[in-house]
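Take a look at the structure set out below.
The values are calculated or read from the model by the stated rules, or taken from the named source; none is laboratory data. In this text the structure is predicted, and so the values were computed from the model without any measurement. Backbone-built Cβ (ideal geometry, glycine too); neighbour counts: all protein chains shown. Just the protein is used for accessible areas: all its heavy atoms, side chains included, with ligands, DNA and RNA removed. Shrake-Rupley method; radii C 1.70, N 1.55, O 1.52, S 1.80 Å.
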Amino acid sequence: MGVLRLSGCIFCAIAAGEIKSQLLYEDDQVLAFRDINPAAPVHFLVIPRRHIASVLDLDPGDADLVAQIHVVIGKLAADLGLADMGFRVVVNTGEVAGQTVGHLHYHVLGGRELGWPPG
Ligand code: DGP
(Lines give C-alpha, C1' and ligand atoms only; values in the text may rest on other atoms or scores of the structure.)
Protein backbone atom coordinates (compact mmCIF):
# COMPACT_ATOMS: atom_id res chain seq x y z
CA MET A 1 0.00 0.00 0.00
CA GLY A 2 2.97 2.36 0.47
CA VAL A 3 3.34 5.28 2.86
CA LEU A 4 0.25 7.02 4.20
CA ARG A 5 2.05 10.29 4.58
CA LEU A 6 5.38 11.65 3.38
CA SER A 7 7.14 14.15 5.61
CA GLY A 8 7.79 17.41 3.75
CA CYS A 9 5.10 16.74 1.13
CA ILE A 10 2.96 19.85 0.73
CA PHE A 11 -0.14 17.92 -0.41
CA CYS A 12 0.17 15.50 2.54
CA ALA A 13 0.21 18.59 4.77
CA ILE A 14 -2.90 19.94 3.02
CA ALA A 15 -4.62 16.56 3.45
CA ALA A 16 -3.74 16.65 7.16
CA GLY A 17 -5.20 20.17 7.46
CA GLU A 18 -1.82 21.62 8.43
CA ILE A 19 -1.67 23.88 5.38
CA LYS A 20 -4.83 25.78 4.55
CA SER A 21 -6.47 25.37 1.17
CA GLN A 22 -9.76 26.31 -0.42
CA LEU A 23 -11.23 22.90 0.14
CA LEU A 24 -13.99 21.82 -2.25
CA TYR A 25 -14.47 18.20 -1.19
CA GLU A 26 -13.06 15.58 1.15
CA ASP A 27 -13.76 12.01 2.18
CA ASP A 28 -11.63 9.29 3.72
CA GLN A 29 -9.78 8.64 0.44
CA VAL A 30 -9.87 11.80 -1.65
CA LEU A 31 -9.48 15.56 -1.28
CA ALA A 32 -10.20 18.40 -3.73
CA PHE A 33 -9.10 22.01 -3.38
CA ARG A 34 -8.53 25.05 -5.56
CA ASP A 35 -5.13 25.43 -7.19
CA ILE A 36 -3.11 28.21 -5.54
CA ASN A 37 -1.97 29.41 -8.97
CA PRO A 38 -5.04 29.05 -11.19
CA ALA A 39 -4.40 28.59 -14.91
CA ALA A 40 -8.09 28.95 -15.82
CA PRO A 41 -11.20 30.59 -14.29
CA VAL A 42 -11.93 27.23 -12.66
CA HIS A 43 -8.84 25.26 -11.62
CA PHE A 44 -8.90 22.73 -8.84
CA LEU A 45 -6.86 19.69 -7.85
CA VAL A 46 -8.10 16.27 -6.81
CA ILE A 47 -5.65 14.15 -4.84
CA PRO A 48 -5.57 10.87 -2.95
CA ARG A 49 -5.26 11.45 0.79
CA ARG A 50 -2.58 8.75 0.95
CA HIS A 51 0.83 9.70 -0.42
CA ILE A 52 1.24 8.35 -3.94
CA ALA A 53 4.03 10.01 -5.94
CA SER A 54 2.52 9.70 -9.42
CA VAL A 55 0.44 7.45 -11.67
CA LEU A 56 3.57 5.33 -12.01
CA ASP A 57 3.08 4.29 -8.39
CA LEU A 58 -0.52 3.09 -8.71
CA ASP A 59 -1.23 -0.60 -8.59
CA PRO A 60 -4.37 -2.71 -9.16
CA GLY A 61 -5.28 -2.39 -5.49
CA ASP A 62 -5.81 1.35 -6.11
CA ALA A 63 -8.64 0.77 -8.60
CA ASP A 64 -11.38 1.93 -6.20
CA LEU A 65 -9.37 5.00 -5.25
CA VAL A 66 -8.85 5.98 -8.89
CA ALA A 67 -12.54 5.44 -9.60
CA GLN A 68 -13.46 7.67 -6.65
CA ILE A 69 -11.10 10.39 -7.90
CA HIS A 70 -12.89 10.35 -11.25
CA VAL A 71 -16.33 10.42 -9.63
CA VAL A 72 -15.27 13.44 -7.56
CA ILE A 73 -13.88 15.17 -10.65
CA GLY A 74 -17.18 14.76 -12.47
CA LYS A 75 -19.31 15.83 -9.52
CA LEU A 76 -17.28 18.95 -8.76
CA ALA A 77 -16.98 19.92 -12.42
CA ALA A 78 -20.77 19.76 -12.69
CA ASP A 79 -21.26 21.63 -9.40
CA LEU A 80 -18.92 24.38 -10.57
CA GLY A 81 -20.82 24.80 -13.84
CA LEU A 82 -18.39 23.13 -16.25
CA ALA A 83 -20.58 20.31 -17.54
CA ASP A 84 -22.10 22.11 -20.54
CA MET A 85 -19.00 23.90 -21.76
CA GLY A 86 -16.56 21.08 -21.03
CA PHE A 87 -13.30 21.00 -19.14
CA ARG A 88 -9.92 19.31 -19.07
CA VAL A 89 -8.34 16.82 -16.65
CA VAL A 90 -4.52 16.80 -16.57
CA VAL A 91 -2.09 14.61 -14.66
CA ASN A 92 1.42 15.92 -15.14
CA THR A 93 3.90 13.11 -14.57
CA GLY A 94 7.61 13.68 -14.22
CA GLU A 95 9.89 16.54 -15.05
CA VAL A 96 9.24 16.91 -18.77
CA ALA A 97 5.51 17.20 -18.14
CA GLY A 98 6.09 19.83 -15.47
CA GLN A 99 5.15 17.85 -12.37
CA THR A 100 6.33 20.07 -9.51
CA VAL A 101 4.59 18.40 -6.57
CA GLY A 102 5.49 14.74 -6.04
CA HIS A 103 2.06 13.69 -4.80
CA LEU A 104 -0.39 12.43 -7.43
CA HIS A 105 -2.83 15.19 -8.40
CA TYR A 106 -5.43 15.63 -11.08
CA HIS A 107 -5.77 19.18 -12.40
CA VAL A 108 -9.30 20.10 -13.47
CA LEU A 109 -9.38 23.19 -15.68
CA GLY A 110 -12.32 24.97 -17.23
CA GLY A 111 -14.18 28.20 -17.79
CA ARG A 112 -12.25 29.26 -20.88
CA GLU A 113 -11.25 27.95 -24.30
CA LEU A 114 -8.51 25.35 -23.81
CA GLY A 115 -5.99 25.01 -26.63
CA TRP A 116 -4.77 21.70 -27.98
CA PRO A 117 -2.11 20.37 -28.09
CA PRO A 118 -0.98 21.73 -24.72
CA GLY A 119 2.46 23.33 -24.53
P1 DGP B 1 2.12 20.28 -11.16
O2 DGP B 1 2.94 21.33 -11.84
O3 DGP B 1 1.32 19.45 -12.13
O4 DGP B 1 2.93 19.45 -10.18
O5 DGP B 1 1.04 21.09 -10.32
C6 DGP B 1 1.18 21.45 -9.00
C7 DGP B 1 0.11 22.46 -8.71
O8 DGP B 1 -0.05 22.57 -7.32
C9 DGP B 1 0.39 23.86 -9.23
O10 DGP B 1 -0.58 24.22 -10.22
C11 DGP B 1 0.27 24.76 -8.02
C12 DGP B 1 -0.38 23.89 -6.99
N13 DGP B 1 0.08 24.11 -5.64
C14 DGP B 1 1.37 24.03 -5.19
N15 DGP B 1 1.42 24.30 -3.88
C16 DGP B 1 0.14 24.53 -3.49
C17 DGP B 1 -0.44 24.85 -2.22
O18 DGP B 1 0.22 24.98 -1.19
N19 DGP B 1 -1.79 25.02 -2.20
C20 DGP B 1 -2.55 24.89 -3.33
N21 DGP B 1 -3.88 25.09 -3.20
N22 DGP B 1 -2.04 24.57 -4.52
C23 DGP B 1 -0.71 24.40 -4.60
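Could you tell me which residue of region 15-39 is farthest from the ligand (Cβ to nearest atom), considering only residues that are under 30 Å from GLU113 (Cβ atoms), open to solvent by 10 Å² or more (accessible area, probe 1.4 Å) and touching a residue at least 24 places away in the same chain (Cβ under 8 Å)?
Among those residues, the one meeting the criterion is TYR25.
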* Asked: Can you tell me which of LEU31, LEU56, LEU82 is modelled with pLDDT of 95 or more and assigned to a helix (DSSP H, G or I)?
  -> LEU56
* Does region 44-51 include one or more residues that are within 30 Å of GLU113 (Cα to Cα) and either assigned to a loop (DSSP other than H, G, I, E, B) or more than 10 Å from the ligand (Cβ to nearest atom) (or both)? -> yes
* Give region 24-44 a look and list any residue that's over 23 Å from GLY61 (Cα atoms) and more than 12 Å from the chain's Cα centre (by Cα), or say none. => ILE36, ASN37, PRO38, ALA39, ALA40, PRO41, VAL42
* Filter result (touching a helix residue (DSSP H, G or I) at 6+ places or on another chain (Cβ under 9 Å), open to solvent by 40 Å² or more (accessible area, probe 1.4 Å) and not in a loop (DSSP other than H, G, I, E, B)) within region 85-108 -> PHE87, VAL89
